[in-house]
Amino acid sequence: MHHRTAVAGLAAAVALSAFTIPATARADASDGDIQITEVVANGGKNIVLGTREVKKFTISVTAVDDSGIEVGDTFPTMWNGIIHRDDGLYEYYGLVMPDDIAGKCVDESFTTTTCTYKLEMDPRVDPGDNTTAGTWKVSAHSKANDGDYIDKDAAAKAKVLRNSKLKVNASPEPVKKNKAITVTGALTRANWKTFKYGGYTNQPVKLQYRKKGTGTYKTLKTVRTDSRGNLKTTTKATADGYYRYSFAGTYTTAAETAKGDYVDVR
């Protein structure tokens, strides 16, 4: 789900819907000794979106209170940014919430409960555009059996990244020993406005080699992509083996490693 939700603060958010806009005010709020001790999005891994496939993931929220946690009133929201308006309200740009606000809750003890929620991100809807790639915030709300409550605006962070693709081709094949081979390739990444993959320019990519019969790749050199995301370099062929390009990723774009291209050396 993609939302631009206008609210004037937590009180207004709760007035609109305590379940659809949880803990998305600009400041934390709490009453009593309840605590949110842990919030984890996607198992701590990056959320990587391409151009078509809907990404499914979970967010878990662990809360603690001496009276126990009220089941059905603990929930997360993941959001990217805030747009302030002239009328004093603000809109959340990029807002993803669970379809099932009840989640699946497990009592770790009398005082501690962990609730897990299923969420989805559609690259054609939820990011909005490429500017939201990077760090998103995870808000969390929880309520105790004795009425204590807590709202944390940024209880955790999650990386939402543009997917990348990497190609490689080494030639000629076969090649004489100690002769030069040319290794070409291309680095592209998902564009959340055009919903196509485009070249990722001026990026450092490692050329790596694995000798036949071994299990480890070694980096030969670093090559930068050109204005279209293309790669091209030469190296000496000393023995049968596999050549690949490896991209470490950036703040907005996921890492990727190409499948090795085998070269027969004679």
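The values are calculated or read from the model by the stated rules, or taken from the named source; none is laboratory data. Keep in mind the model is a prediction, meaning the values are calculated, not measured. No Cβ is skipped: glycine too gets one built from the backbone with ideal geometry, and neighbour counts run over all protein chains shown. When the accessible area is computed, the model is the full protein with side chains, heavy atoms only, and any ligands, DNA or RNA have been set aside. Shrake-Rupley method; radii C 1.70, N 1.55, O 1.52, S 1.80 Å.
Could you check the spin-label model distance between residue 116 and residue 221? Points 7 Å from the Cα along Cα→Cβ, value in nm. Inter-label distance under the simple model: 4.8 nm. Comparing 196, 212, 152 in a Gaussian network model of the chain where C-alpha atoms under 10 Å apart are linked, the largest mean-square fluctuation is found at 212. For residue 60, the solvent-accessible surface computed with a 1.4 Å probe is close to 30 Å², ligands and nucleic acids excluded. Restricting the stretch 50-108 to GluC sites (Glu not before Pro) that sit in a DSSP loop and have at most 16 other Cβ atoms within 10 Å of their own Cβ leaves 53, 108.
Here the stretch 112-133 is scanned for amide nitrogen atoms under 12 Å from the site 7 Å beyond the Cα of residue 58 along Cα-to-Cβ, giving 114-119. Placing unit charges on the Cβ atoms of the charged side chains and taking the dipole of the chain about its Cα centre, the candidate lying farthest along the positive direction among 42, 97, 249 is 249. For the stretch 125-176, the extents of the C-alpha atoms along the principal axes are 78, 24, 15 Å, listed from largest to smallest. In terms of its Cα atoms, the stretch 57-181 spans 78, 46, 21 Å along the principal axes, sorted from long to short.
Annotation: residue 161 carries an accessible surface of approximately 10 Å², with a 1.4 Å probe and no ligand, DNA or RNA atoms counted.
Would you mind pulling out the separation of the Cα centroids of the stretch 218-266 and the stretch 107-160, in Å? About 38 Å separates the Cα centre of the stretch 218-266 from the one of the stretch 107-160. I want to verify a result. In a Gaussian network model of the chain, Cα cutoff 10 Å, which of these has the top mean-square fluctuation: 165, 143, 218? Evaluated over the chain, the most mobile residue of the options is 218.
Identify which of the listed values of P(r) over Cα pairs in 5 Å bins from 0, in percent was calculated from the structure shown: [x] 1, 6, 13, 17, 19, 16, 12, 8, 5, 3, 1, 1, 0, 0; [y] 1, 6, 14, 19, 22, 19, 13, 6, 1, 0; [z] 1, 6, 12, 13, 12, 11, 9, 8, 7, 6, 5, 4, 3, 1, 1, 0. Matching the structure shown: [z]. Place a point 7 Å from the Cα of residue 202 along the Cα-to-Cβ direction; which residues of the stretch 152-170 have their backbone N under 12 Å from it? Zone members listed by number: none at all. Counting other Cβ atoms within 10 Å, which trypsin sites (Lys or Arg not before Pro) in the stretch 44-95 have at most 11 and lie in a DSSP loop? Passing sites in the stretch 44-95 are 45, 52, 85. You can think of it this way: the chain between residue 191 and residue 235 has 12.6 nm of extra reach, that is 0.36 nm per residue less the Cα-Cα gap. Cross-link pairs exceeding 18 Å in C-alpha to C-alpha distance, out of 45/104; 167/206; 45/137, comprise 45/104.
Along the axis of the charge dipole computed for the chain (Cβ charges of +1 for Lys and Arg, -1 for Asp and Glu, origin at the Cα centre), the listed residues 194, 62, 169 are led at the positive end by 169. Rolling a 1.4 Å probe over the protein chains gives residue 109 an accessible area of about 50 Å².
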